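One structure follows; several queries about it will come next.
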Amino acid sequence: MVKPELTFICKIKEIFDLEVFSSGVKKRSINAMVLHRRKVEIFEISFYNKYVTEVDKLNKTGIFKIECIIRSEVFEDKKTEKNTYFTHIIGLTTIKIGNT
């Protein structure tokens, strides 16, 4: 079991359809309105493979606790030799804690 690095309390704004990549990886993403550092921000949280089913527990009327990990990657442009950094929020578990 992966240990969560981050926990969000959030309201779901949008739930995206399942994507299946040619490598066989399954992905389902959500946009969540998250209370973060005393303000509300919209984050995209992606659920992969065995965690995809967690999205089925979500709806737009509830308040949820979502446990996540953060993964970063670097894309190096060979022509310009500049790096672009990407940070992904990856969802692990979802728990409904209330209604709006």
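Within the chain, which is the longest segment that contains none of the trypsin sites (Lys or Arg not before Pro) sitting in a DSSP loop with at most 12 other Cβ atoms within 10 Å?
Excluding the exposed sites themselves, the longest stretch runs over 1-36.
Then there is this: Which loop-located chymotrypsin sites (Phe, Trp or Tyr not before Pro) does the range 17-100 contain, where loop means any DSSP state but H, G, I, E or B and the Cβ has at most 10 other Cβ atoms within 10 Å?
Phe21
Using the number of other C-beta atoms within 10 angstrom as an exposure proxy, rank Ile90, Ile30 with the fewest first.
The order, fewest Cβ neighbours first, is Ile90, Ile30.
Exactly which GluC sites (Glu not before Pro) in the range 2-100 are in a DSSP loop and have at most 10 other Cβ atoms within 10 Å?
Glu81
Once you have the Cα-Cα distance between Lys65 and Ile97, take 0.36 nm times their residue separation minus that, and quote the gain in nm to one decimal.
10.9 nm
Would you mind getting the Kirkwood hydrodynamic radius of the range 6-99 from its Cα pairs, rounded to one decimal in Å?
This gives a value of 14.3 Å.
Grab the Cα-Cα distance for Met33 and Lys50, subtract it from 0.36 nm times how many residues apart they are, and report the gain in nm with one decimal.
3.7 nm
Since every read-out is calculated from the coordinates, none of them should be taken as a lab result. On a predicted model such as this, the values are computed, not experimentally measured, just so you know. Ideal geometry is used to build each Cβ from the backbone, glycine not excepted, and the neighbour counts take in all protein chains shown.
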